[in-house]
1. State yes or no: is ALA75 assigned by TED's automatic domain parsing to the domain that holds PHE255 and surrounded by fewer than 16 Cβ atoms within 10 Å (Cβ to Cβ)?
2. Suppose the filter is at pLDDT below 95 and surrounded by 16 or more Cβ atoms within 10 Å (Cβ to Cβ); does PHE70 pass it?
3. Could you identify the single residue in GLU202, GLU229, GLU134, GLU212 that is assigned by TED's automatic domain parsing to the domain that holds ASP278, among the charged types (D, E, K, R) and without any contact (Cβ under 8 Å) to a residue 12 or more places away in the chain?
4. Can you give me the ranges of the strands (runs of 3 or more DSSP E) entirely in the stretch 10-89 with at least 2 residues that are touching a strand residue (DSSP E or B) at 6+ places or on another chain (Cβ under 9 Å), away from the ligand (no atom under 16 Å from the Cβ) and among the β-branched types (Val, Ile, Thr)?
5. Of the residues in the stretch 248-265, how many are in a loop (DSSP other than H, G, I, E, B) and touching a Leu at 6+ places or on another chain (Cβ under 9 Å)?
6. Quick test for you: out of LEU167, LEU237, LEU159, LEU224, pick the one residue that is without any contact (Cβ under 8 Å) to a residue 60 or more places away in the chain, touching a strand residue (DSSP E or B) at 6+ places or on another chain (Cβ under 6 Å) and either in the same structural domain as LEU25 (by TED's automatic domain parsing) or not small (Gly, Ala, Ser) (or both).
7. Cβ contacts < 6 Å: first residue assigned by TED's automatic domain parsing to the domain that holds ARG211, restricted to the stretch 252-265; second residue of a type outside the set (Asp, Glu) and exposed (fewer than 12 other Cβ atoms within 10 Å of the Cβ), any location; separation 6+ or different chain. Result?
8. Confirm whether LEU193 is in contact with a Phe, Trp or Tyr (Cβ under 8 Å, 6 or more places away or on another chain) and either of a type in the set (Ser, Thr, Tyr) or in the same structural domain as LEU136 (by TED's automatic domain parsing) (or both).
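The values are calculated or read from the model by the stated rules, or taken from the named source; none is laboratory data. If you're wondering where the values come from, they're calculated on a predicted model, not measured in any experiment. FYI the Cβ positions are ideal-geometry reconstructions off the backbone, even for glycines, and counts take in every protein chain you see.
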Amino acid sequence: MSLPIVRIQRHCLHDGPGIRTTVFLQGCALACPWCSNPEAIPLTPPAFFDEQKCIAHIQADAPLCAGCPFPESGAAPRTCPLGAVHPASSPVEQDAVLQHLMKDAALYRDSNGGVTFSGGEPFLHARALRPLLEALREEGIHIAFETSGFFPPEQAPILLPFINHLLLDLKWMTTPVFNPEISLPPDVFEQNLAAFQVAAAEMTYRLVLIREFLDVPGKRESLLARLQELPPAPIELLPLHHLAESKYRQLGIPFTPLSAPTRSDQKAFCSQIKTLTDAPVRLLRL
Ligand code: SF4
């Protein structure tokens, strides 16, 4: 069985405890406008077009480029013999993924790290992922999942017995923006949160800090109230970054120019959360 792999990133320090390898999977039920992996949102992989690799600006009439619309109209081509177009993800056999993940097994053990599945929404691939999780469990590898909690609730019990740590991204900056390709029950987040609570996995909540939303009157108060209602668990705050801007350009989709709060405002909000919740709160810097 294969998995739609967007990328496998080694030596990650912010995707759960210790040093980890993170597996990004294709497809998400949400389509947050600030997503740092916009290529992972559609169920079918979109194509990146990297103009830097296109030779049209130095040789517009290259024989290999015959029929390409880009030199004439500027429209992104669907294919490119010179590698300027590539799909956001490709299917990779489970055995190959496992082999790749096991390259850093010693590092996971030494750092109390492991493997993290992210995306996209990794729970969308519950059936395909289960054999891989079983194999990782047999190898004694710590398994974390980064999830929004927005996925069909019947997927949770397939994977939860194998997961050691859940990183729950709270999509609370705005009302959730949905990917129209996937339909979910209206109370999906509550259902999945309930399943997470009875699972043995440790939990960490994560919240992206976006100045434009935090500055809306009453927003911070409502966020603080909602955080207080959650079962206690450590909270990680992630100021928005713009590392994904070039990906939006290469995918031909609009980039929403949002920003992070100032460093002092981040610290102030972090202190407010610490005061109101009993949980440890950490401000991350990516
Ligand atoms: S085929 Fe590739 S290199 Fe040639 S013009 Fe099109 S995008 Fe550029």
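1. Numbers: assigned by TED's automatic domain parsing to the domain that holds PHE255: no; surrounded by fewer than 16 Cβ atoms within 10 Å (Cβ to Cβ): yes.
No: the conditions fail for ALA75.
2. Working: at pLDDT below 95: yes; surrounded by 16 or more Cβ atoms within 10 Å (Cβ to Cβ): yes.
When the stated conditions are applied, PHE70 passes them.
3. Values: GLU202 fails: without any contact (Cβ under 8 Å) to a residue 12 or more places away in the chain; GLU134 fails: without any contact (Cβ under 8 Å) to a residue 12 or more places away in the chain; GLU212 fails: without any contact (Cβ under 8 Å) to a residue 12 or more places away in the chain.
Answer to the check: GLU229.
4. Details: elements: 20-25, 47-49, 85-87.
The strands (runs of 3 or more DSSP E) meeting that bar are 20-25.
5. Summing the residues that are in a loop (DSSP other than H, G, I, E, B) and touching a Leu at 6+ places or on another chain (Cβ under 9 Å) in the stretch 248-265 gives 4.
6. On the way: LEU167 fails: without any contact (Cβ under 8 Å) to a residue 60 or more places away in the chain; LEU159 fails: touching a strand residue (DSSP E or B) at 6+ places or on another chain (Cβ under 6 Å); LEU224 fails: touching a strand residue (DSSP E or B) at 6+ places or on another chain (Cβ under 6 Å).
Result of the check over LEU167, LEU237, LEU159, LEU224: LEU237.
7. Pairs found: none.
8. Values: in contact with a Phe, Trp or Tyr (Cβ under 8 Å, 6 or more places away or on another chain): no; either of a type in the set (Ser, Thr, Tyr) or in the same structural domain as LEU136 (by TED's automatic domain parsing) (or both): yes.
Taking the combined requirement at face value, the residue does not satisfy it.
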